[in-house]
Number of protein chains: 2
Amino acid sequence: MKDKNLELMKLEKYQSVMEKEMDALRVEKLSLEQMAVSYYLCLPQSLRVSSGSRLLISNSGCSWDNHKKRIHHLVCASARQPEKDLCLEPKVQTLLDNVKWDDKGLVVAIAQNVDTGAILMQGFANRDAVVTAISSRKATFYSRSRSMLWTKGETSNNFINIHDIFFDCDRDSLIYLGKPDGPACHTGSETCYYTSVFDLKEHQQVEGNELALTTLYSLESTILQRKSEVEAEQNGNPSWTKRLLLDNHLLCSKIREEADELCRTLEEDEDKSRTASEMADVLYHAMVLLALKDVKMEDVMQVLRLRFSKSEEEPWLSDQMNSVQ
Amino acid sequence: MKDKNLELMKLEKYQSVMEKEMDALRVEKLSLEQMAVSYYLCLPQSLRVSSGSRLLISNSGCSWDNHKKRIHHLVCASARQPEKDLCLEPKVQTLLDNVKWDDKGLVVAIAQNVDTGAILMQGFANRDAVVTAISSRKATFYSRSRSMLWTKGETSNNFINIHDIFFDCDRDSLIYLGKPDGPACHTGSETCYYTSVFDLKEHQQVEGNELALTTLYSLESTILQRKSEVEAEQNGNPSWTKRLLLDNHLLCSKIREEADELCRTLEEDEDKSRTASEMADVLYHAMVLLALKDVKMEDVMQVLRLRFSKSEEEPWLSDQMNSVQ
């Protein structure tokens, strides 16, 4: 997909070449529209196929040898308004018809980590990009500089696997809510947003030190920093977090104590602020344990997501009925 | 700020009027640049000032009667490249100098809830909007339709109070990471992103039923739905969540049990996946308790944020040293 030949090629120009190649391969003859559909349906495979292997177009029942030229033609085919040919549900079609594409046919597209809420990156999407994202379930953008579709991860393999797509009230902005396969930024950073204005303002530090983290993940980051300090040195007056990190017995007794205190806010009908405060205590102390076990909060979120999406009607039922009965 | 007279007024056009008014009020004469600065420094006040009260420009030592015309002129003044006059730290100036403003002088600006990670809304910001946001700590955008700055909340009072601003690696996109005073969407919805493509695809429901929620808040939403079902009806075969909601004794015994099991993954050196799974159990059961107590996870996050930002070096120290010693 990095090949310059791929840029801005017109389907019409290659139509006869493609038909000849299909004849030569003796595959069932496909219309250009069918090929466009096939391209979308096999997107991840077509992009990941390695030299010497075969590109399988699973939904049309034919396969191609992996000669660069042939793959290129398939990619070209995708330029032909494929959304009209995909079996989009009528309501989704209507939604897309009502999107306020700007004068370049674009909307802002924000990729967000479904588990942590981190904003991974932001690009733009045209209608084809959104349709591709819906069918391939990979965050797909329109590159304004290269004037072509690009699926995040097509070169790095760090795809963003879409769980849902949300449009805003004005229909000129969308969220790709998904799970990234790896760092979203080309710099290797987890997200593209690591330059804090207030960090520059207040600490005059070199930029790039801090990710845009929300509260839970910011606390996790602080705990992990304490852990690395504990591992690097010992000093006479450690912080509370460091004391917990150094003393499993103290940590576990605090977790059990805080869980008990949380329960007592219900049992003894204490006020709401007390419940919030005790829950914060439970979370913080449990997160120190996670740090010791090298478990990320994101891993916990993934467990939660897989568990309650499997049994949305009855979360925990299958798991818990055995343990309590 | 909704007054049409405010739109697109040029500072130069009103310069003589403003000077006359200042003479009439016998206030110290201010340069236009000083007035622009004053406007920025008093932004929240100037926008909130009610009819009949006085608008105090605290940083220039003068006050204005609250006649609409005069307030308007102050707003006009803000159009004159005020960022040059604000005492921005050199590194922030440099950062802003290196931002890739598009051909209209804009970057994409995304407002995100610092506690929940929810993407609240998306607009565009020019340099003035970013400078205003830095000084006022309110998420500020440039309205392309009205060709003017606008601070989210200036009409609704639902400001987004900025904790930090992050630029992306390409310097053409930013996040206003902040705490909203109320619903971010003009429809009254918590965020602008409530139209799910996959909801339309799979359930063919009427759009607008589902917010773009990340894992923790999606689970919270499911638990709250179970709670409303429990309150509305009783049926013979309740889900596990419903059973917990109906039985405080069962719920509290589960919370204590899960906290104990989490501790045992450390004490008995169990594997990481076990720790993640037990932490998910602790979180889920504790969240059922939060639902019973009408405490939102966002409230808990706020407690965490206030606590560890107050004592970033020593989180929990002041709180916990007493309870364990």
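The values are calculated or read from the model by the stated rules, or taken from the named source; none is laboratory data. Worth saying up front: this structure is predicted, and the values here are computed from it rather than measured. Note: ideal-geometry Cβ built from the backbone for every residue, glycine included; neighbour counts use all protein chains shown.
At a glance:
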quantity: Selected residue (criterion: surrounded by the most Cβ atoms within 10 Å (Cβ to Cβ)) from residues of region A:266-303 that are at negative phi and assigned to a loop (DSSP other than H, G, I, E, B); calculated: A:295
quantity: Breaking point among (1) crowded, with 19+ Cβ neighbours inside 10 Å; (2) without any contact (Cβ under 8 Å) to a residue 24 or more places away in the chain; (3) β-branched (Val, Ile, Thr), for residue A:187; calculated: (1)
quantity: Residue identified as farther than 23 Å from residue A:106 by Cβ and assigned to a helix (DSSP H, G or I) among B:128, B:115; calculated: B:128
quantity: Members of region A:236-265 that are in a helix (DSSP H, G or I), closer than 19 Å to residue A:224 by Cα and touching a residue at least 12 places away in the same chain (Cβ under 8 Å); calculated: A:241, A:242, A:244, A:245, A:246, A:248, A:251, A:252, A:254, A:255
quantity: Pair list, Cβ < 7 Å and 6+ apart or interchain, from region B:284-299 residues that are more than 8 Å from chain A (Cβ to nearest Cβ) to residues that are among the hydroxyl-bearing types (Ser, Thr, Tyr) and buried (at least 23 other Cβ atoms within 10 Å of the Cβ); calculated: B:288/B:241; B:298/B:116
quantity: Residues that are buried (at least 18 other Cβ atoms within 10 Å of the Cβ) and in contact with a strand residue (DSSP E or B) (Cβ under 8 Å, 6 or more places away or on another chain), drawn from region B:92-116; calculated: B:95, B:99, B:106, B:107, B:108, B:109, B:110, B:111, B:112, B:113, B:114, B:115
quantity: Residue B:277 being at the interface with chain A (Cβ under 8 Å from one of its Cβ atoms) and out of contact with any Asp or Glu (no Cβ under 6 Å at 6 or more places or on another chain); calculated: yes
quantity: Enumerated strands (runs of 3 or more DSSP E) restricted to region B:134-225, each holding at least 1 residues that are within 11 Å of chain A (Cβ to nearest Cβ), modelled with pLDDT of 95 or more and out of contact with any Lys or Arg (no Cβ under 7 Å at 6 or more places or on another chain); calculated: B:160-168, B:173-180, B:193-196
quantity: Which listed residue, of A:177, A:200, is in contact with a helix residue (DSSP H, G or I) (Cβ under 6 Å, 6 or more places away or on another chain) and within 20 Å of residue B:114 (Cα to Cα); calculated: A:200
